[in-house]
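Have a look at the structure below before the remarks.
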Amino acid sequence: MSVPGPFEYRGDALHCEGVPLAKIAADVGTPVYVYSHAELERAYKAFDAALEGIPHRVCYAVKANSSLGVLAVLAKLGAGADIVSAGELFRWQKAGGDPAKVVFSGVGKTDDEMKTALAAGIGCFNVESAEELEVLDRVARSVGKRAKIALRVNPDVDPETHPYISTGLKQNKFGVAMSEAPGLLRGAAKLAGLEISGVDFHIGSQLIKTAPFTDSIARLVALVEELAAAGIKLDHVDIGGGLGIDYGKGDVVPSPAEYGVAVRTALAPLMKLGVTLYTEPGRVIVGAAGALVTQVLFRKRNEAKHFTIVDAAMNDLMRPALYQAFHPMKPVTRPERPTITTDVVGPICETGDFLARDRELPELDRGELLWIGAAGAYGATMASNYNTRPRAPEVLVRGNSYTVIRARETYEHLIAGERIG
């Protein structure tokens, strides 16, 4: 029974790199997130190499996984960062990341966040509305700074992904219409607190075709050429992130190399203008590098279903409940057994607390461990304390050893900021 990525069976025992997952579970407890250092490094280098030959900067999307241990690996490899809050900037800097390689995205930056980012010396703000241009100009001038900006445009291209993670259609809240961009940038050029640096788009997440990227780039090329003719020179274009990964459902996902070829071809008309390409990959860097390991608590069968009840829940891994997302699952030991159809569910008091429905799995015994794969992106970073459940620890494996890069929360952690009135 094969397992994608860095998680492989050695005999009957599933390992991350050289460490048995059963050992990590015994030492640290469950549920627990486990990441592979080797896979993080391989995935980043593969994406970076796919753009070799054109000036580019890879700005990792911190929202995908913001653990300091993960960020530190990527910062040491030379990555920049795409952030959407001052908190993510704080994490990036704590992990050793260079603020000058940061792009600050998001539709709702506060004045204080703008001031924090300006003080840190970030590389660029991705501005998403006319009013944000005005506010950022005022804030920058108030602190004696000049903010570098890229205007985020909405290319109105269907990314053919889940509607909750589609961001490039005209009904989405992100960016400005392509037709508005020239006028907004002409106005921004007159504001003393702003310096125009680029244009930006991001059309969505978990894209499994290159066509939405190339269609969007074609519209961006036309815009940049129009701006250049009007005397507005840009130093970069940002095409966002969104490249998908294999979640084990049989989808054929473009490799970073295939993505690179498509992007390189679509961007060719702009290379004569001397612009640098910015990208904002997240899931494709960290997704396959991580897994959630959970323990079976109980089994039950009613008139309609069989249930495998585990100690991980929707607060630990929100994607199945939020997006009806599919994650591959395997037993941590003895994979070759007859299977049953079961729902994998957690202890939370919600019918929506499921990790898989109608899944074919070996009939697991109480106390057995279950591997939930492709959980390195939007797993731990979206976790909550619903039902007063401490968030799971995170472990980074490197070769034959591992480090706990985030300890399991305690109940005292959960109430540390609370007071009885």
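So which lysines can LYS145 reach, going by Cα to Cα under 16 Å and dropping same-chain residues fewer than 8 places off? Answer for LYS145, where 16 Å is the Cα cut-off: LYS115, LYS190, listed by chain and number.
The ratio of the alpha-carbon radius of gyration of segment 171-313 to the globular-protein estimate 2.2 N^0.38 Å is 1.49. Working ranking of peptides 382-389, 208-215, 297-304 by packing, defined as the average number of other Cβ atoms within 10 Å per residue, highest first, is 208-215, 382-389, 297-304. The residues THR294, THR110, when put in order of fewest to most other Cβ atoms within 10 Å, stand as THR110, THR294.
Given their separation in residues at 0.36 nm each and the Cα-Cα distance between them, GLU180 and LYS115 gain 20.7 nm when the chain is fully extended.
The charge dipole of the chain, taken about its Cα centre with unit charges on the Cβ of Lys, Arg, Asp and Glu (plus for the first two, minus for the last two), comes to roughly 540 debye.
Would you mind checking LYS101/LYS209; LYS101/LYS233; LYS209/LYS233 for any pair whose Cα atoms are more than 24 angstrom apart? Cα-Cα > 24 Å for LYS101/LYS209; LYS209/LYS233; rest within.
Between segment 41-90 and segment 173-236, the alpha-carbon centres lie 22 Å apart.
Run down the lysines and flag those whose C-alpha is under 25 Å from the C-alpha of LYS300, throwing out any fewer than 8 positions away in its chain. Filter leaves LYS330. Of [x] 24.8; [y] 22.2; [z] 23.4, which is the value of mean projected area of the Cα convex hull in nm² derived from the coordinates here? This structure yields the entry labelled [y].
Taking a quarter of the surface of the convex hull around the Cα atoms of segment 251-327, what do you get in nm²?
Mean projected area of the Cα convex hull: 8.3 nm².
Ranked for footprinting exposure by Cβ neighbours inside 10 Å, fewest first, PHE307, PHE174 give PHE307, PHE174.
Note on LEU77 and ILE54: their simple-model spin labels are 2.0 nm apart, each label 7 Å out from Cα toward Cβ.
Over the chain, with a Gaussian network built from C-alpha contacts below 10 Å, which listed residue (ALA117, ALA407, ALA288) shows the highest mean-square fluctuation? In this elastic network of the chain, the residue with the biggest mean-square fluctuation among ALA117, ALA407, ALA288 is ALA407.
Within the straight-line cut-off of under 19 Å between alpha carbons, the aspartates and glutamates reachable from LYS249 are GLU8, GLU160, ASP343, ASP358, GLU360, sequence neighbours fewer than 8 places apart in one chain being disregarded.
Largest GNM mean-square fluctuation across GLY11, GLY123, GLY193, computed for the chain with C-alpha springs under 10 Å, falls on GLY11. Exposure proxy ranking for SER129, SER216, based on other Cβ atoms within 10 angstrom of each Cβ and starting from the fewest, stands as SER129, SER216. Hey, with R₀ at 45 Å, roughly what FRET efficiency would ARG219 and GLU409 work out to, going by the Cβ-Cβ distance, to 0.05? Computed FRET efficiency for ARG219 and GLU409 comes out at 0.50. If a/c stays under 1.5 just call it rounded; otherwise compare a/b with b/c (prolate if a/b is bigger, oblate if not). Do that for segment 37-284, with a ≥ b ≥ c from the square roots of the Cα gyration tensor eigenvalues. Oblate. With the helix formula -39500 (n - 2.57) applied to DSSP H stretches of n ≥ 4, the chain reaches a computed 222 nm mean residue ellipticity of -8000 deg cm²/dmol. All C-alpha to C-alpha distances of segment 66-143, sorted into 10 Å bins beginning at zero, yield P(r) values of 20, 51, 23, 6 percent in whole numbers.
What full-extension length gain, to one decimal in nm, is calculated for LYS145 and ALA26 as 0.36 nm per residue of separation minus the Cα-Cα distance? Before the final figure, lay out each step's value.
Details: separation 119, 0.36 × 119 = 42.84 nm, distance 5.24 nm.
Stretched fully, the LYS145-ALA26 segment lengthens by 37.6 nm.
Spacing of the modelled spin labels on GLU226 and LYS190, each 7 Å from Cα toward Cβ, amounts to 2.0 nm.
FYI, it's all coordinate maths here, none of it is from the lab. No experiment lies behind these values; they were computed from the predicted model shown. Every residue, glycine among them, receives a Cβ derived from its backbone with ideal geometry; neighbour counts consider all protein chains shown.
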